[in-house]
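Here's the structure we're looking at; comments come further down.
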Amino acid sequence: PEGAAEREKILALVEKIEKQNPTKDPLPSGEVDGEWTLRWTTSMGLLGLKRPRGFRVDLDRPILQRIDTANMQAVNVEPVTTFSSLFGGIKYQNTVEID
């Protein structure tokens, strides 16, 4: 969301929820492994707002994140729609690996 106050409020709520997690060390537990729908991020780069038109993330489609804690990897699957004026747009997914 736009605005530092709103962002800080959300971060504070996330930290509050994290403290209530019954799994005290979730990363090695494997419970976060799998494919997740990204609902909110602090990463403006992930949203691709500064990318050239045609390469920006399609915010009308879900951004997925595949997490593999055993190998300490996360893969973001970013939906992109380009050439929307032609044929209703070409949709593809851009995969970005994070080590």
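What the table shows:
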item	result
Residue-count net charge about D33 - beta-carbon cut-off 11 Å; Lys, Arg +1, Asp, Glu -1	-2
Built amide H within the under 5 Å cut-off of D58, gap 5+	V80, T81
Residues whose placed amide H lies under 5 Å from that of L38, excluding near-sequence neighbours	I63, L64, Q65
FRET efficiency estimate (nearest 0.05) - Cβ-Cβ, A74 to E31, R0 22 angstrom	0.90
Near-label residues of the stretch 67-82 by backbone N, under 13 Å of a point 7 Å along Cα→Cβ of L46	67-68, 74-79
R0 of 35 Å, Cβ-Cβ distance L64-A5: FRET efficiency to nearest 0.05	0.75
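Since every read-out is calculated from the coordinates, none of them should be taken as a lab result. A quick note: this is a predicted structure, and the numbers were derived from the prediction, not measured. Positions of Cβ are generated from backbone atoms using ideal geometry, with glycine treated the same way; all protein chains shown enter the neighbour counts.
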